[in-house]
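Participant: Please find one structure pasted underneath; my questions will follow.
Just so you know, all these numbers are worked out from the coordinates, no wet-lab data involved. Because the structure is a prediction, the values reported are computed rather than measured. Cβ placement follows ideal geometry from the backbone for every residue including glycine, while neighbour counts extend to all protein chains displayed.
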Amino acid sequence: MRTLFNLLWLALACSPVHTTLSKSDAKKAASKTLLEKSQFSDKPVQDRGLVVTDLKAESVVLEHRSYCSAKARDRHFAGDVLGYVTPWNSHGYDVTKVFGSKFTQISPVWLQLKRRGREMFEARLLALLVIPPAITPGTDQLGMFTHKEFEQLAPVLDGFSLMTYDYSTAHQPGPNAPLSWVRACVQVLDPKSKWRSKILLGLNFYGMDYATSKDAREPVVGAR
């Protein structure tokens, strides 16, 4: 009897244990929010050690409202800066009102394009061409706009807006703009740096939220 009892105790001790989160625990995990500073700072990001190469998402969420209002209109980059204001993130319009002096051009993408080439030429306006990435995302294949087309148009255009973002898709989730891919796109277009000053490098100020249950994604902007 004692031997049978010991075997029974051993079997119970070695049996697997399965646990699950309750619905309340799952809701608590889903409702967890990151901290955000709401007050302006008296120092720019350069003096606060926020300009780094290994940036964390938590740091962006924490500090994005805590900018230095006294330095909001100071420029630190001598080249052209084109900003797109999109319908799916209309808050970008408010951003341009605060940081407008940091941009050389602002383009609301919901405006209609009309054939007024002669008037634009006579007005001496800038001619910027939006171009797709020189390397097709997720492959090593050249895109539809390569070094050949770039060399032909660079002498007669003021700039090129290079779409180095939206690298990943809903079917293949991943990063928005891998640095190695962004660098390669520029090098393919202008390997000898002859016209690189005319390339406006596309930088996405949003993330992507991918749904695991279906092939879908949506932008993650400041409101989320």
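Participant: Identify the residues of region 42-84 with backbone N under 13 Å of a label point that sits 7 angstrom from the Cα of Gln105 along the Cα-to-Cβ direction, or state none.
Facilitator: Counting backbone N atoms under 13 Å from the label point, the list is 80-84.
Participant: Any aspartates and glutamates with Cα under 14 Å of the Lys43 Cα? List them, leaving off those in the same chain fewer than 8 positions away.
Facilitator: Lys43 reaches Glu63, Asp74.
Participant: Moving to a separate point now. What list of ³J(HN,Hα) couplings, whole Hz, do you get for region 55-67 from phi and the Karplus terms 6.51, -1.76, 1.60, once you set θ to phi - 60° and write x for glycine and proline?
Facilitator: 5, 9, 4, 4, 5, 5, 5, 5, 9, 5, 8, 9, 8
Participant: Let me ask another. Mean shadow of region 52-93, computed from the convex hull of its alpha carbons, in nm²? The partial results should precede the final answer.
Facilitator: Details: hull surface 18.1 nm².
Here the figure is 4.5 nm², rounded to one decimal.
Participant: Assuming 0.36 nm per residue, please report the length gained on full extension of the stretch Tyr93 to Val156 beyond their Cα-Cα distance.
Facilitator: That works out to 19.6 nm of additional length.
Participant: Are any of the pairs Lys102/Lys194; Lys97/Lys148; Lys97/Lys192; Lys37/Lys97 more than 32 Å apart by Cα-Cα distance, and if so, which? Write down the numbers at each step before the final one.
Facilitator: Numbers: Lys102/Lys194 25 Å; Lys97/Lys148 38 Å; Lys97/Lys192 37 Å; Lys37/Lys97 21 Å.
Correct reply: Lys97/Lys148; Lys97/Lys192.
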